[in-house]
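Presented below is the structure to which this report refers.
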Amino acid sequence: MTAPSLPGLLPELEVVRKDFPILERVLAGGVPLVYLDSANTSQKPQVVIDAMVDHLERHNANIARAMHQLGAESTVAFEESRDKVAAFIGAPDRDEVIFTKNASEALNLAANTLVWAGERQVRPGDEVVITEMEHHSNIVPWQLLTQRTGATLRWFGLTDDGHLDLSNIDDLITERTKVVSLTWVSNMLGTINPIAEIARRAHQVGALVVVDASQAAPQLPIDLAAMPAEERPDLMAFTGHKVVGPTGIGVLWGSRAVLDQLPPFLGGGEMIETVRMEGSTYAPIPHKFEAGTPPIVEAIGLGAAVDYLGHLGMDAVHAHEQAITAYALEGLASVPGMTILGPTDAAQRGGAIAFELEGVHPHDIAQVLDSRGVAVRAGHHCAKPAHARYGVQSSTRMSSYLYTTPAEIDALVDGLEYTRSYFKLG
């Protein structure tokens, strides 16, 4: 597809698109793929695919344990990926990067270890604060934690225009607050949350700040080391498959001071210092939290992915997302019967836009669009409380990324107009 000129787009966008082989796909019926489901999972550039295939073909071995050349090569590649991820998020210390299987596991690691974490332990009478816009992966672990410990779960509500309601922040975050956990960028509303402001308030009362960066890491420049200590999260999770990397790999970053306080999450090989029948001692971070054989090839793919994003430049990726999002918001607003959920200012949101089309069920919208090659998501997007807040059971969601063109947004808008005519809505 030829992209019209639009200020802020990545330079040589058509060249970038050629890095992603799946974007050349022609679907059933001879229609070209228009992929607008990147908040669900991003597509993968050839360099990521090649890195993973090369490792499997030439270097495959377990890490840390095998005392031979392949084992050494595999270990080096795995740890180099940790270095790359640390650089990507500006981690102050590369050993603060923990590999998990996804962001959900990273958030569950945080919640579960706080059940028995010494001075960080959550106890009866303590409070955990989340928000109404969270993905289920940042709701359910904290529900389980408070149910198991007798603590109380509280949450920020939402304003009518899709922002966090901070009017009662001093009532929600108090001396009883042990943990504040929230998303940086909403996967449904697209809202970019004021992480720094909330972290400052939480740290004033000694609370731990956990941030779900699954939608932020793909599109916002992150430099943890450059953030003032009082504004920096204590723990931050994101997933590989949304940053043009593979599935099966996630990241938990945590400050060394906090990670050293947390007990192991899983027991097994490589997380130990020594094991005796009477008891065990544990390896230092990051290995304390990486029991068993890790996702080696996936970590190497993630390393290649963040290298790729670094080459493009995250400032440029963010500018591209804002430009495409603004274009999409304008196009969607032109469709009769359209209601956009969340902020309508592209500067206040990420690239995921959930919407309702009056008179048509989201699943029907997605099916008609799919017949025209346009891939979107329909459902509750693992954010049922946020949908309930706005009185809807489900929505349709389009989500752009660094390879999205204005022409693809035009195809979406044309597809929605066709959907209206298909269902005889005018």
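Where residues in segment 51-67 are at pLDDT below 95 and more than 16 Å from HIS287 (Cα to Cα), which of them is least open to solvent (accessible area, probe 1.4 Å)?
Checking each candidate, the answer is ALA66.
Given (1) crowded, with 22+ Cβ neighbours inside 10 Å; (2) within 20 Å of GLU321 (Cβ to Cβ), identify the lone condition not met by PRO194.
The single condition PRO194 does not satisfy is (1).
Of the conditions (1) in contact with an Asp or Glu (Cβ under 6 Å, 6 or more places away or on another chain); (2) under 29 Å from THR293 (Cβ atoms); (3) open to solvent by less than 40 Å² (accessible area, probe 1.4 Å), GLY240 clears all except one; give me its number.
(1)
Any idea how many residues of segment 97-117 are touching a Gly at 6+ places or on another chain (Cβ under 9 Å), polar (S, T, N, Q) and not in a loop (DSSP other than H, G, I, E, B)?
Residues meeting the conditions: 2.
Take segment 342-353 and flag every residue that is over 15 Å from ALA383 (Cβ atoms) and open to solvent by less than 60 Å² (accessible area, probe 1.4 Å).
PRO343, ALA346, GLY351
Any idea which of (1) outside the structural domain of ASP234 (by TED's automatic domain parsing); (2) in a helix (DSSP H, G or I) is the one HIS55 doesn't satisfy?
(1)
Just name the residue that is nearest to LEU235 (Cα to Cα) out of those in segment 247-270 that are touching a Leu at 6+ places or on another chain (Cβ under 9 Å) and part of a loop (DSSP other than H, G, I, E, B).
Among those that are touching a Leu at 6+ places or on another chain (Cβ under 9 Å) and part of a loop (DSSP other than H, G, I, E, B), it is SER255.
Of the residues that make up segment 408-422, is at least one open to solvent by 10 Å² or more (accessible area, probe 1.4 Å) and within 15 Å of ASP37 (Cβ to Cβ)?
yes
From the residues in segment 296-318 that are in contact with a Pro (Cβ under 9 Å, 6 or more places away or on another chain) and farther than 13 Å from GLY245 by Cβ, which one is most open to solvent (accessible area, probe 1.4 Å)?
Once the filter is applied, the top-ranked residue is ASP315.
Which one of these does ASN168 not meet: (1) polar (S, T, N, Q); (2) more than 25 Å from SER42 (Cα to Cα); (3) open to solvent by less than 30 Å² (accessible area, probe 1.4 Å)?
Unmet for ASN168, out of (1) polar (S, T, N, Q); (2) more than 25 Å from SER42 (Cα to Cα); (3) open to solvent by less than 30 Å² (accessible area, probe 1.4 Å): (3).
With the requirement that a residue be open to solvent by 10 Å² or more (accessible area, probe 1.4 Å), more than 21 Å from VAL31 (Cα to Cα) and either aromatic (Phe, Trp, Tyr) or in contact with a Gly (Cβ under 6 Å, 6 or more places away or on another chain) (or both), what does segment 354-382 give you?
Within segment 354-382, GLU358 is the sole residue that qualifies.
Would you pick out the residues in segment 25-50 that are in contact (Cβ under 8 Å) with a residue 12 or more places away in the chain, open to solvent by 40 Å² or more (accessible area, probe 1.4 Å) and of a type in the set (Gly, Ala, Ser)?
Across segment 25-50, the qualifying residue is only GLY29.
Which of (1) in a loop (DSSP other than H, G, I, E, B); (2) at pLDDT 95 or above is the odd one out, the single condition ARG82 does not satisfy?
Here ARG82 meets the rest and fails (1).
Filter segment 218-237 down to residues that are open to solvent by 10 Å² or more (accessible area, probe 1.4 Å), among the hydrophobic types (A, V, I, L, M, F, W, C) and assigned to a helix (DSSP H, G or I) and give me whichever is farthest from GLN121 (Cα to Cα).
Across segment 218-237, the extreme among qualifying residues is ALA226.
Limited to segment 92-148, what total is found for residues that are at pLDDT below 95 and at positive phi?
Selection size over segment 92-148: 1.
Going through THR339, THR293 one at a time, which residue ends up being under 29 Å from LYS101 (Cα atoms) and open to solvent by 10 Å² or more (accessible area, probe 1.4 Å)?
On inspection, the qualifying residue turns out to be THR293.
Filter segment 121-160 down to the residues that are part of a helix (DSSP H, G or I), open to solvent by 60 Å² or more (accessible area, probe 1.4 Å) and among the β-branched types (Val, Ile, Thr) and list them by number.
Hit for segment 121-160 is VAL140, nothing else.
Give me the residue from segment 9-24 that is assigned to a loop (DSSP other than H, G, I, E, B) and at pLDDT 95 or above and, out of that set, surrounded by the fewest Cβ atoms within 10 Å (Cβ to Cβ).
Only one residue tops the list, namely LYS18.
Results for (1) touching a residue at least 60 places away in the same chain (Cβ under 8 Å); (2) more than 30 Å from ALA346 (Cα to Cα), shown as yes or no for each residue.
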position	(1), (2)
LYS242	yes, no
ASP260	no, yes
GLY279	no, yes
GLU290	yes, yes
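The values are calculated or read from the model by the stated rules, or taken from the named source; none is laboratory data. Worth saying up front: this structure is predicted, and the values here are computed from it rather than measured. Cβ sites come from the backbone with ideal geometry, for glycine too, and all protein chains shown count toward neighbours. Remember, those area values only see protein heavy atoms, side chains included, never the ligands or the DNA or RNA. Shrake-Rupley method; radii C 1.70, N 1.55, O 1.52, S 1.80 Å.
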